[in-house]
C-alpha cells in the first residue's frame, strides 16, 4: 500500500467511524482501556467495526489495549471484527511474543512512549515479535491521546527495522510539517481532530486525509508540482 498510511483512533460511534472510513483512511481505532475518556465497551466494538467494513472493506479495525490480562484475551480475538491489536502498555518483547501466539490471525502493533532520542534504540528489541511500532510522546501517567509531539529532530535519521507509525498531535498542519521531514509508514491521529474526547470533527479529518493523499502523490511522482491540500 502507498505510504504514509492514516489511522484515526479513539472512535466511539459507529456512524462517525463509517463516515471517516468513507473518506479513505486506512485504519480506524477504538480504545479498550477503561480509564480512557475514549473507552468503548467490548459489546459495542463489533457493530462499529462492521459499519467500517461495510463502508470501506480495506480499512483495518484496531483495538487499543494496555497490558491485557489473560481474562481479556477472549474479547481480543479476531471473531470480534477487528484486524489489529495495538499494545499501549508496558508490554515487553517477550510478552508480545506470547500475545502473538494467543491472538492468531491478527496483526500486533506495539506503542512506545518516547521521552528521549535514546529511547528509539528499544525498537529493535521488538523486531520479529510485532508487525509495527507506534511512537508517541511520553507524558507522565498518561498512556496516549495527549496531543504531545516527539521532536522531529529525533526522527530525521530514524531508520527502524520494523514499520512505524507516528502519533502525537497529528492534524493537517502538523502532518504536513512532519511529512516534509520524516517518512513514517503511517500517521495515527486522535485528539487534535476532536471537538470532545471520542467525537471527531469531520472537516479536520478531511483536511488531514487531503494532506496524506497529496504526500502519497508527491512521493510517487517526485517531479510533479507541489500540491496544497488545504485549498
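The values are calculated or read from the model by the stated rules, or taken from the named source; none is laboratory data. Treat the numbers as computed from the prediction; the structure is a model and nothing was measured. Here the Cβ is made from the backbone with ideal geometry for all residues, glycine too, and neighbour counts use every protein chain on show.
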Open item on the list: Given the criteria in contact with a strand residue (DSSP E or B) (Cβ under 7 Å, 6 or more places away or on another chain), over 25 Å from residue 208 (Cα atoms) and surrounded by 15 or more Cβ atoms within 10 Å (Cβ to Cβ), does residue 61 qualify?
Closed with: no
Open item on the list: Any residue at all in segment 68-84 that's modelled with pLDDT of 95 or more, within 14 Å of the chain's Cα centre (by Cα) and under 21 Å from residue 192 (Cα atoms)?
Closed with: no
- [ ] State whether one or more residues within segment 108-116 are at positive phi, assigned to a loop (DSSP other than H, G, I, E, B) and modelled with pLDDT under 95.
- [x] no
TODO: Could you figure out which of (1) touching a residue at least 24 places away in the same chain (Cβ under 8 Å); (2) on the phi < 0 side of the Ramachandran plot isn't true of residue 10?
DONE: (2)
TODO: Only residues that are surrounded by fewer than 18 Cβ atoms within 10 Å (Cβ to Cβ) and outside any loop (DSSP other than H, G, I, E, B): list them for segment 20-40, please.
DONE: 22, 39
Task: Hey, residue 61 on the phi > 0 side of the Ramachandran plot and modelled with pLDDT of 95 or more or not - done: no
TODO: Please find, within segment 41-89, the residue that is nearest to residue 26 (Cα to Cα) out of those that are assigned to a loop (DSSP other than H, G, I, E, B) and free of Cβ contacts under 8 Å to residues at least 24 places away in the same chain.
DONE: 57
